[in-house]
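Presented below is the structure to which this report refers.
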Amino acid sequence: MVTGASSGIGYELARQLAERGYDLLLVAQDEEIEQAAVNLRHDGRNRVDALRVDLAGYDGVETAWKAIEATGRAVDVIALNAGRGIGGEFVGGTPLGDELDVVAVNVTSTVHLAKRVLPGMVARAEGRVLFTSSIASMMPGTYQAVYNASKSFVQSFAEALRAELKDTGVTVTALMPGPTDTNFFHRAEMDDTRVGAGTKDDPAVVAEQGIAALFDGKEKVVGGSLKTKVQATASKVMPDAAKAELHRRMAEPGSA
(Lines give C-alpha, C1' and ligand atoms only; values in the text may rest on other atoms or scores of the structure.)
Protein backbone atom coordinates (compact mmCIF):
# COMPACT_ATOMS: atom_id res chain seq x y z
CA MET A 1 0.00 0.00 0.00
CA VAL A 2 1.15 3.51 -0.83
CA THR A 3 -0.76 6.52 0.50
CA GLY A 4 -0.65 9.87 -1.25
CA ALA A 5 0.14 7.95 -4.42
CA SER A 6 -1.58 10.03 -7.10
CA SER A 7 1.49 12.14 -7.92
CA GLY A 8 4.88 13.30 -6.70
CA ILE A 9 6.93 11.19 -4.33
CA GLY A 10 4.04 8.84 -3.58
CA TYR A 11 3.50 7.99 -7.24
CA GLU A 12 7.21 7.42 -7.72
CA LEU A 13 7.36 5.16 -4.66
CA ALA A 14 4.50 3.14 -6.14
CA ARG A 15 6.27 2.96 -9.50
CA GLN A 16 9.43 1.67 -7.84
CA LEU A 17 7.45 -1.01 -6.01
CA ALA A 18 5.60 -1.97 -9.20
CA GLU A 19 8.93 -2.45 -10.93
CA ARG A 20 9.90 -4.83 -8.13
CA GLY A 21 6.81 -6.89 -8.94
CA TYR A 22 4.53 -5.92 -6.07
CA ASP A 23 0.76 -5.80 -6.36
CA LEU A 24 -0.36 -2.36 -5.24
CA LEU A 25 -3.17 -0.62 -3.43
CA LEU A 26 -2.86 3.10 -4.14
CA VAL A 27 -4.61 5.60 -1.88
CA ALA A 28 -5.24 9.33 -2.36
CA GLN A 29 -8.10 11.79 -2.06
CA ASP A 30 -7.95 13.26 -5.57
CA GLU A 31 -9.30 11.81 -8.79
CA GLU A 32 -5.80 11.49 -10.29
CA ILE A 33 -5.36 8.31 -8.27
CA GLU A 34 -7.36 6.41 -10.89
CA GLN A 35 -5.01 7.50 -13.67
CA ALA A 36 -2.02 6.67 -11.51
CA ALA A 37 -3.31 3.12 -11.20
CA VAL A 38 -3.84 2.90 -14.95
CA ASN A 39 -0.29 4.07 -15.58
CA LEU A 40 1.15 1.45 -13.25
CA ARG A 41 -0.81 -1.41 -14.81
CA HIS A 42 0.93 -0.94 -18.14
CA ASP A 43 2.61 -4.35 -18.44
CA GLY A 44 0.06 -6.53 -16.68
CA ARG A 45 2.63 -8.17 -14.41
CA ASN A 46 1.00 -7.01 -11.23
CA ARG A 47 -2.36 -5.98 -9.85
CA VAL A 48 -2.88 -2.29 -9.13
CA ASP A 49 -6.00 -1.07 -7.33
CA ALA A 50 -6.91 2.53 -6.58
CA LEU A 51 -8.85 3.84 -3.60
CA ARG A 52 -10.00 7.45 -3.57
CA VAL A 53 -10.51 8.45 0.04
CA ASP A 54 -9.71 11.37 2.33
CA LEU A 55 -7.40 10.22 5.12
CA ALA A 56 -8.03 13.37 7.15
CA GLY A 57 -10.93 11.68 8.91
CA TYR A 58 -11.25 8.54 11.02
CA ASP A 59 -13.72 6.98 8.61
CA GLY A 60 -11.39 7.55 5.66
CA VAL A 61 -8.55 5.67 7.33
CA GLU A 62 -10.92 2.85 8.30
CA THR A 63 -12.05 2.66 4.68
CA ALA A 64 -8.42 2.23 3.63
CA TRP A 65 -7.94 -0.49 6.24
CA LYS A 66 -11.08 -2.31 5.12
CA ALA A 67 -9.80 -2.18 1.54
CA ILE A 68 -6.67 -3.98 2.74
CA GLU A 69 -8.74 -6.56 4.61
CA ALA A 70 -10.93 -7.09 1.55
CA THR A 71 -7.95 -8.32 -0.45
CA GLY A 72 -7.54 -11.23 1.96
CA ARG A 73 -3.80 -10.76 1.66
CA ALA A 74 -0.98 -9.68 3.93
CA VAL A 75 0.70 -6.29 3.55
CA ASP A 76 4.37 -6.85 2.71
CA VAL A 77 5.22 -3.15 2.33
CA ILE A 78 3.41 0.00 3.36
CA ALA A 79 4.55 3.49 2.41
CA LEU A 80 2.86 5.99 4.72
CA ASN A 81 3.47 8.93 2.44
CA ALA A 82 0.25 10.99 2.44
CA GLY A 83 0.86 14.50 3.67
CA ARG A 84 -0.34 18.03 3.49
CA GLY A 85 1.15 21.45 4.17
CA ILE A 86 0.00 25.02 4.57
CA GLY A 87 2.23 28.08 4.54
CA GLY A 88 1.76 31.50 6.08
CA GLU A 89 1.60 33.28 9.40
CA PHE A 90 0.09 31.16 12.13
CA VAL A 91 -1.48 34.24 13.75
CA GLY A 92 -3.67 36.09 11.30
CA GLY A 93 -2.58 34.13 8.25
CA THR A 94 -3.55 30.48 7.97
CA PRO A 95 -7.10 29.26 8.67
CA LEU A 96 -7.53 26.99 11.68
CA GLY A 97 -9.21 24.36 9.51
CA ASP A 98 -6.16 24.10 7.26
CA GLU A 99 -3.80 23.68 10.19
CA LEU A 100 -5.98 21.00 11.76
CA ASP A 101 -6.14 19.22 8.41
CA VAL A 102 -2.33 19.13 8.31
CA VAL A 103 -2.34 17.45 11.73
CA ALA A 104 -5.10 15.06 10.70
CA VAL A 105 -3.36 13.88 7.53
CA ASN A 106 0.29 14.00 8.57
CA VAL A 107 -0.04 12.82 12.15
CA THR A 108 -3.38 11.25 13.00
CA SER A 109 -3.86 9.18 9.85
CA THR A 110 -0.26 7.98 10.00
CA VAL A 111 -0.68 6.71 13.56
CA HIS A 112 -4.11 5.25 12.78
CA LEU A 113 -3.05 3.28 9.71
CA ALA A 114 0.19 2.11 11.32
CA LYS A 115 -1.84 0.86 14.30
CA ARG A 116 -4.00 -1.22 11.94
CA VAL A 117 -1.25 -2.61 9.69
CA LEU A 118 1.70 -3.25 12.00
CA PRO A 119 0.14 -5.97 14.22
CA GLY A 120 -0.27 -8.25 11.22
CA MET A 121 3.32 -7.69 10.15
CA VAL A 122 4.58 -8.45 13.65
CA ALA A 123 2.44 -11.60 13.85
CA ARG A 124 4.01 -12.84 10.59
CA ALA A 125 7.48 -11.65 11.67
CA GLU A 126 7.99 -9.84 8.38
CA GLY A 127 7.17 -6.53 6.73
CA ARG A 128 8.61 -3.22 5.64
CA VAL A 129 7.32 0.22 6.62
CA LEU A 130 8.37 3.48 4.98
CA PHE A 131 7.40 6.78 6.57
CA THR A 132 7.76 9.91 4.45
CA SER A 133 9.16 12.41 6.91
CA SER A 134 11.11 15.49 5.78
CA ILE A 135 14.27 17.43 6.52
CA ALA A 136 11.70 19.94 7.80
CA SER A 137 11.48 17.65 10.83
CA MET A 138 14.93 18.92 11.85
CA MET A 139 14.12 22.63 12.06
CA PRO A 140 11.54 25.05 13.46
CA GLY A 141 9.15 25.88 10.62
CA THR A 142 8.82 29.63 10.61
CA TYR A 143 5.75 30.32 8.41
CA GLN A 144 5.16 26.55 8.32
CA ALA A 145 4.88 26.06 12.05
CA VAL A 146 2.36 23.23 12.09
CA TYR A 147 3.75 21.41 9.05
CA ASN A 148 7.30 21.18 10.38
CA ALA A 149 6.01 20.15 13.79
CA SER A 150 3.95 17.40 12.17
CA LYS A 151 7.01 16.07 10.37
CA SER A 152 9.00 16.14 13.61
CA PHE A 153 6.28 13.91 15.03
CA VAL A 154 6.48 11.52 12.07
CA GLN A 155 10.27 11.30 12.35
CA SER A 156 10.20 10.62 16.07
CA PHE A 157 7.35 8.14 15.67
CA ALA A 158 9.21 6.21 12.95
CA GLU A 159 12.42 6.01 14.96
CA ALA A 160 10.58 4.89 18.10
CA LEU A 161 8.72 2.16 16.22
CA ARG A 162 11.94 0.96 14.67
CA ALA A 163 13.45 0.56 18.13
CA GLU A 164 10.36 -1.22 19.46
CA LEU A 165 10.23 -3.61 16.51
CA LYS A 166 13.95 -4.34 16.12
CA ASP A 167 13.62 -8.04 16.96
CA THR A 168 10.31 -8.72 15.21
CA GLY A 169 11.35 -9.09 11.56
CA VAL A 170 9.59 -5.81 10.70
CA THR A 171 11.77 -2.94 9.48
CA VAL A 172 10.92 0.76 9.72
CA THR A 173 12.59 3.39 7.53
CA ALA A 174 12.11 7.16 7.42
CA LEU A 175 12.49 8.99 4.10
CA MET A 176 13.49 12.62 4.64
CA PRO A 177 13.14 14.64 1.41
CA GLY A 178 14.02 18.28 1.01
CA PRO A 179 12.10 20.60 -1.34
CA THR A 180 10.88 18.34 -4.14
CA ASP A 181 9.30 19.14 -7.49
CA THR A 182 5.71 18.16 -6.70
CA ASN A 183 2.37 19.92 -6.23
CA PHE A 184 3.09 20.32 -2.51
CA PHE A 185 4.05 24.00 -2.48
CA HIS A 186 1.21 25.03 -4.79
CA ARG A 187 -1.32 23.21 -2.62
CA ALA A 188 0.25 24.76 0.47
CA GLU A 189 -0.27 28.23 -1.05
CA MET A 190 3.47 28.87 -1.11
CA ASP A 191 4.07 29.75 -4.76
CA ASP A 192 5.21 33.25 -3.75
CA THR A 193 7.87 32.01 -1.33
CA ARG A 194 11.56 31.52 -2.04
CA VAL A 195 11.32 27.79 -1.44
CA GLY A 196 8.14 27.48 -3.48
CA ALA A 197 9.63 29.27 -6.47
CA GLY A 198 13.12 27.80 -6.16
CA THR A 199 14.77 24.76 -7.71
CA LYS A 200 13.72 21.43 -6.29
CA ASP A 201 14.73 17.79 -6.29
CA ASP A 202 13.36 15.18 -8.69
CA PRO A 203 10.68 13.07 -6.96
CA ALA A 204 11.83 10.00 -8.89
CA VAL A 205 15.31 10.33 -7.42
CA VAL A 206 13.91 10.88 -3.92
CA ALA A 207 11.69 7.80 -4.24
CA GLU A 208 14.50 5.66 -5.60
CA GLN A 209 16.67 6.56 -2.63
CA GLY A 210 13.80 5.87 -0.25
CA ILE A 211 13.00 2.46 -1.69
CA ALA A 212 16.69 1.50 -1.71
CA ALA A 213 16.96 2.44 1.98
CA LEU A 214 13.75 0.53 2.75
CA PHE A 215 15.00 -2.70 1.21
CA ASP A 216 18.42 -2.26 2.79
CA GLY A 217 16.69 -2.03 6.16
CA LYS A 218 18.11 1.40 6.94
CA GLU A 219 16.81 3.59 9.73
CA LYS A 220 16.50 6.75 7.61
CA VAL A 221 17.71 8.42 4.47
CA VAL A 222 17.83 12.04 3.34
CA GLY A 223 16.30 11.93 -0.14
CA GLY A 224 17.34 14.24 -2.95
CA SER A 225 20.35 16.12 -4.19
CA LEU A 226 23.73 16.73 -2.62
CA LYS A 227 22.51 20.22 -1.69
CA THR A 228 19.65 18.71 0.30
CA LYS A 229 21.96 16.27 2.05
CA VAL A 230 24.34 19.08 2.98
CA GLN A 231 21.42 21.11 4.34
CA ALA A 232 20.34 18.16 6.47
CA THR A 233 23.86 17.68 7.79
CA ALA A 234 24.12 21.38 8.66
CA SER A 235 20.81 21.20 10.50
CA LYS A 236 22.31 18.73 12.97
CA VAL A 237 24.73 21.35 14.29
CA MET A 238 22.98 24.69 13.74
CA PRO A 239 21.22 26.29 16.74
CA ASP A 240 17.44 26.20 16.56
CA ALA A 241 17.25 30.00 16.44
CA ALA A 242 19.49 30.05 13.37
CA LYS A 243 17.46 27.33 11.70
CA ALA A 244 14.23 29.22 12.43
CA GLU A 245 15.66 32.35 10.80
CA LEU A 246 16.87 30.37 7.78
CA HIS A 247 13.40 28.89 7.42
CA ARG A 248 11.89 32.36 7.66
CA ARG A 249 13.90 33.52 4.64
CA MET A 250 12.79 30.48 2.65
CA ALA A 251 9.09 30.33 3.61
CA GLU A 252 8.03 33.91 4.30
CA PRO A 253 5.12 34.94 2.08
CA GLY A 254 6.30 37.20 -0.74
CA SER A 255 9.95 36.15 -0.41
CA ALA A 256 10.18 34.75 -3.95
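Looking at region 71-147, which GluC sites (Glu not before Pro) are DSSP coil and have at most 15 other C-beta atoms within 10 Å of their C-beta?
Sparse-neighbourhood loop GluC sites (Glu not before Pro): Glu89, Glu126.
Where Lys and Arg each count +1 and Asp and Glu each count -1, what net charge lies around Lys66 among other residues with Cβ under 11 Å from its Cβ?
-2
Give the residue from Thr94, Val77, Thr142 lying farthest towards the positive end of the charge dipole for the chain; charges sit on Cβ (+1 for Lys and Arg, -1 for Asp and Glu) and the dipole is referred to the Cα centre.
It is Val77.
Among 130-141, 153-164, 175-186, how do they line up from the highest to the lowest mean number of other beta-carbon atoms within 10 Å?
Ranking, from highest mean packing down: 130-141, 175-186, 153-164.
Among the lysines, which fall within straight-line cross-link reach of Lys227, defined as a Cα-Cα distance under 27 Å, with same-chain neighbours fewer than 8 residues apart omitted?
Lys151, Lys200, Lys218, Lys236, Lys243
Set the Förster distance to 41 Å, then compute FRET efficiency between Glu19 and Glu89 from the Cβ-Cβ distance, nearest 0.05.
0.45
Let me check against my output: what whole-number percent is the relative contact order of the chain, with C-alpha pairs under 8 Å and at least 6 apart?
19 percent
Could you list which residues have their amide H under 5 Å from that of Gly223, counting only those 5 or more apart in sequence or on another chain, with H placed in the peptide plane?
Met176, Gly178
What per residue convex hull volume, in Å³, do the alpha-carbon atoms of region 1-57 yield?
Convex hull volume per residue, Cα atoms: 60 Å³.
At 7 Å along the Cα-to-beta-carbon direction for both Phe215 and Ala163, put a label point, then send me their distance in nm to one decimal.
Those two pseudo-labels are separated by 3.0 nm.
Kindly state, as a whole number, the per residue volume in cubic angstrom of the convex hull around the alpha carbon atoms of region 172-256.
Taking only Cα atoms, region 172-256 has a hull volume of 99 Å³ per residue.
Please report the spacing between the Cα centers of region 45-124 and region 141-219 in Å, no decimals.
Between the Cα centres of region 45-124 and region 141-219 lies a distance of 15 Å.
Using a ≥ b ≥ c from the Cα gyration tensor of region 88-143 (square roots of the eigenvalues), is it rounded, prolate or oblate, where a/c under 1.5 gives rounded and otherwise the larger of a/b and b/c decides, a/b for prolate?
Oblate shape, in that a/c is at least 1.5 and b/c is the bigger or equal ratio.
So for region 81-170, averaging the separation of alpha carbon pairs under 8 Å that are six or more residues apart and normalising by length, what relative contact order in percent results?
Computed over region 81-170, the figure is 37 percent.
Magnitude of the Cβ-charge dipole of the chain, K/R +1 and D/E -1, about the Cα centre, nearest 20 debye?
Rounded to the nearest 20 debye, it is 740 debye.
Using only the alpha carbon atoms of the chain, find the Kirkwood hydrodynamic radius as the inverse mean reciprocal pair distance, in angstroms to one decimal.
18.4 Å
Keeping all protein chains in place, calculate the accessible area per residue for region 179-248 (probe 1.4 angstrom), answer in Å².
Spelled out: the 1.4 Å probe surface of region 179-248, per residue, equals 54 Å².
What list of ³J(HN,Hα) couplings, whole Hz, do you get for region 146-157 from phi and the Karplus terms 6.51, -1.76, 1.60, once you set θ to phi - 60° and write x for glycine and proline?
6, 4, 4, 4, 5, 6, 4, 4, 4, 4, 5, 4
In the chain, if the dipole is taken from +1 on Lys/Arg beta carbons and -1 on Asp/Glu beta carbons about the Cα centre, which of Phe157, Leu25, Thr171 is farthest to the positive end?
Highest projection toward the positive end goes to Thr171.
With only alpha-carbon atoms counted, please give the Rg and Dmax of region 110-222, in Å.
Answer for region 110-222, Rg first and Dmax second: 15.3, 48 Å.
Hey, could you get me the Stokes-Einstein D for region 61-182, Kirkwood radius over alpha-carbon pairs, 10 °C and 1.306 mPa s, rounded to whole µm² s⁻¹?
Taking Rh from Cα pairs, D becomes 104 µm²/s.
By a straight-distance test (C-alpha under 26 Å), which lysines pair with Lys66 as possible cross-link partners, with residues fewer than eight away in the same chain excluded?
Partners within reach: Lys115.
As a test question: what accessible area, to the nearest 10 Å², does Lys66 have when a 1.4 Å probe is rolled over all protein chains in place?
Counting only protein heavy atoms, Lys66 exposes about 120 Å² to solvent.
Relative contact order for region 14-109: what percent, with Cα pairs under 8 Å and sequence separation of 6 or more?
24 percent
When Lys and Arg each count +1 and Asp and Glu each count -1, what net charge do the other residues less than 10 Å away from Asp181, Cβ to Cβ, add up to?
Summing Lys and Arg as +1 and Asp and Glu as -1 gives -1.
Give me the percent of the accessible area of region 99-216 that comes from carbon and sulfur atoms, probe 1.4 Å, all protein chains in place.
Solvent-exposed carbon and sulfur of region 99-216 make up 54 percent of the total.
Quick one: which residues, 5+ away or cross-chain, put their amide H under 5 Å from the amide H of Val170? H built at 1.01 Å from N.
Distant-sequence amide H within range of Val170: zero hits.
The values are calculated or read from the model by the stated rules, or taken from the named source; none is laboratory data. Predicted, not measured: the structure shown is a model, and the values here were computed from it. Glycine also receives a Cβ, built like all others from the backbone with ideal geometry; neighbour counts cover every protein chain displayed. For accessibility, only protein heavy atoms count, side chains too; no ligands or nucleic acids. Shrake-Rupley method; radii C 1.70, N 1.55, O 1.52, S 1.80 Å.
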